[in-house]
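Here the structure is laid out as structure tokens; the discussion comes afterwards.
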Amino acid sequence: MAEHTRSSTTIDATPARIMAVIADFAAYPEWTGEVKEVEVLGTDPDGRAQQVRLLLDAGAIKDEHVLAYAWDGVRQVSWTLVKSQMLKSLDGSYTLASRTGGGTEVTYQLAVDVKIPMLGMIKRKAEKVIIDRALAGLKKRVESAAATKAHPSADAVSSATDDAPATTAGAEG
């Protein structure tokens, strides 16, 4: 990612619980304001999404994206744009790191390039808004009682998952 925006927050949960919420694409319309519809187009041998279609509605901006995902256990998930009507590129990642004393630091990194001309400063501001809203929504979802009910076994993910090799997603389409 060339020019990107990054922000972090601490969530009071294990990396496994947080990654379970991130990987539950079907639930995105419940807790992300902009995602209205999700369809997993392909999965890897572990059942994690490799390509996902997202229908977004952020008021004045409506678009449909197909993103390719790569998973590294419960440490990181990254994605890249396969196709979109409004975007030239979109590269992002969530990186999770357990904190001494409890909780997990979640870092979201994002780089977006739109098809219409836009000043770099305005793009970075938009990325910052997207990141801050996503981190706040993720934190609320993970720490809420609803997330505990929706993902009761997320903490039971074995520590072997932490050592699983990275799975890369192809960007065909």
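The values are calculated or read from the model by the stated rules, or taken from the named source; none is laboratory data. Bear in mind that the values here come from a model prediction, so they are computed numbers and not experimental data. As a convention, Cβ positions derive from the backbone with ideal geometry for all residues, glycine included, and neighbour counts pool all protein chains shown.
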Taking region 1-15 and keeping only residues that are at pLDDT below 90 and crowded, with 21+ Cβ neighbours inside 10 Å, one is left with THR5
Counting only residues that are at pLDDT below 90 and farther than 23 Å from LEU54 by Cα, region 73-101 contains a total of 1
When region 63-91 is checked residue by residue, the ones that are among the charged types (D, E, K, R), closer than 22 Å to ILE18 by Cα and part of a strand (DSSP E or B) are ASP72, ASP91
The residue from LYS139, LYS125 that alone is modelled with pLDDT of 55 or more, under 19 Å from the mean Cα position of the chain (by Cα) and surrounded by 14 or more Cβ atoms within 10 Å (Cβ to Cβ) is LYS139
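Would you check if VAL66 is at pLDDT 95 or above and touching a helix residue (DSSP H, G or I) at 6+ places or on another chain (Cβ under 7 Å)? Working first, answer last.
On the way: at pLDDT 95 or above: yes; touching a helix residue (DSSP H, G or I) at 6+ places or on another chain (Cβ under 7 Å): no.
Answer is no for this residue.
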For GLY47, the lone unmet condition from (1) surrounded by fewer than 17 Cβ atoms within 10 Å (Cβ to Cβ); (2) on the phi < 0 side of the Ramachandran plot is (2)
When every residue in region 61-106 that is out of contact with any Gly (no Cβ under 9 Å at 6 or more places or on another chain) and of a type in the set (Phe, Trp, Tyr) is compared, the one farthest from VAL40 (Cα to Cα) is TYR94
